[in-house]
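The values are calculated or read from the model by the stated rules, or taken from the named source; none is laboratory data. What you see is a predicted model, and the numbers here were worked out from it, not measured in a lab. Every residue, glycine as well, gets a Cβ built from its backbone with ideal geometry; the counts of neighbours run over all protein chains shown.
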């Protein structure tokens, strides 16, 4: 966007996975976002417009995949075809029409009872996961030799599984019991077609044959000797087929890129023809390097002034060049906050949000340096895809805050150019997963700080959280309207 005589208009969009939460007594009856010290997020709220967003619709607790589809302007009621294709494509497995795919877990099965004792064999599976995936990749089904099975490691305990062959249907159930200490499920057809019934038989055999390979693998014998859970079953979840949808650029008129080490989000991006950027050290879990993510997005949005980072299909060996003229819409996905919610770790979620805020400050500095050349005009936008309250340990239906502002107004809100240019660009780790410190003093400081905040521009909101956003001028809106709001904000400023 932008003519040779005008600055190019570009959007840095930050999506904090699992952002929303509920008030917690431990945090002084605040949400983790209220309790966290997040001056940069507050500055975005203060500098722009705010609202509360239902990612898909009011009262729906949704998954990240359906939420992301909705936010990016693709109604999941129309386009959603199961999350398995997203995970598998994000892991680097090519899919063709007629293939089916699963978002899968390495898990622990009691072979005598058939009970899944742990749905996650181990969260830290980065070294062993690829080894087991290699043992499963290309496996043959004795009763169905005509089918090809591909398996690729994703992140943590997860992998992607693709089955290729004739007469396959995505309309089947999975094997995941969804909770620990429940029986491994049998796959069933979800409609009355011959294809669905046939596919259920094929996938049930796939599940059994995978377990046979895993049980006999020497890596599992080693895990038993070390007192660890064995990874002797693959839970096949979310059977899906590849989406056939209009590309993001055609739908919105913005050239998009994405930094998303989380494979399911990367796969969704690829399904929408969004370029996936490489960000060294970005892992999609607690050990991720947020500075690397911020740097990759900033470079992509400031090209051709800076060299644009390469785009890639995860899992392939060779990168392809990024768009030489840069991108208009840079999507930065941050997963660790959602993990903290699932792990019921309130202090970790607070500290994680503070780390995210620090990375947003780094992103803003890099973009301001580019805008100062006169060649670009940037906008910052931040929101979540759903709530993951630490009280529940799972996705819920609460709204999430949304804020958007011009970068130049953000710079004024934080105190001026000297403040933003003084932001350190040194890499930093996320807080340790065993954080146990008390936030009593921090909450008191936050209460005092909140009294001093003032709205700089836009509406009267001066804090970024679930409560303050309710006063925003955007009101409450469904996620399917988000891209329209972003594009209208850009036009109003043109």
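Tell me yes or no: at least one residue of region 417-431 is modelled with pLDDT under 95, part of a loop (DSSP other than H, G, I, E, B), assigned by TED's automatic domain parsing to the domain that holds residue 303 and at positive phi.
Taking every residue of region 417-431 in turn, none turns out to be modelled with pLDDT under 95, part of a loop (DSSP other than H, G, I, E, B), assigned by TED's automatic domain parsing to the domain that holds residue 303 and at positive phi.
Here's a check for you: in region 195-238, which residue that is modelled with pLDDT of 95 or more and assigned to a strand (DSSP E or B) is farthest from residue 75 (Cα to Cα)?
Among them, the one singled out is 233.
Is it the case that residue 354 is assigned to a helix (DSSP H, G or I) and under 30 Å from residue 63 (Cβ atoms)?
yes
Per-residue answers, yes or no, for (1) free of Cβ contacts under 8 Å to residues at least 60 places away in the same chain; (2) assigned by TED's automatic domain parsing to the domain that holds residue 234; (3) more than 19 Å from the chain's Cα centre (by Cα); (4) surrounded by fewer than 23 Cβ atoms within 10 Å (Cβ to Cβ):
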{"residue": "96", "(1), (2), (3), (4)": "no, yes, yes, yes"}
{"residue": "99", "(1), (2), (3), (4)": "no, yes, yes, yes"}
{"residue": "111", "(1), (2), (3), (4)": "no, yes, yes, yes"}
{"residue": "131", "(1), (2), (3), (4)": "no, yes, yes, yes"}
{"residue": "135", "(1), (2), (3), (4)": "no, yes, yes, yes"}
{"residue": "138", "(1), (2), (3), (4)": "yes, yes, yes, yes"}
{"residue": "148", "(1), (2), (3), (4)": "yes, yes, yes, yes"}
{"residue": "154", "(1), (2), (3), (4)": "no, yes, no, no"}
{"residue": "164", "(1), (2), (3), (4)": "no, yes, yes, yes"}
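Count, please, the residues in region 239-272 that happen to be within 22 Å of residue 295 (Cα to Cα), in contact with a helix residue (DSSP H, G or I) (Cβ under 6 Å, 6 or more places away or on another chain) and not in a helix (DSSP H, G or I).
6
Working only within region 466-494, note down all residues that are within 22 Å of residue 70 (Cβ to Cβ) and in a loop (DSSP other than H, G, I, E, B).
466, 472, 473, 474, 475
For residue 50, which of the numbered conditions (1) modelled with pLDDT under 90; (2) outside any loop (DSSP other than H, G, I, E, B) fails to hold?
(1) is the only condition that residue 50 fails.
Pairs only if they're at least six apart or on different chains, beta carbon under 7 angstrom, first in region 239-266 and without any contact (Cβ under 8 Å) to a residue 40 or more places away in the chain, second surrounded by fewer than 18 Cβ atoms within 10 Å (Cβ to Cβ) and assigned to a loop (DSSP other than H, G, I, E, B); list them, first residue then second.
The qualifying pairs are 247/273; 249/273.
It is to be established whether one or more residues within region 453-468 are at pLDDT 90 or above and under 20 Å from residue 12 (Cβ atoms).
The answer is yes; a qualifying residue exists.
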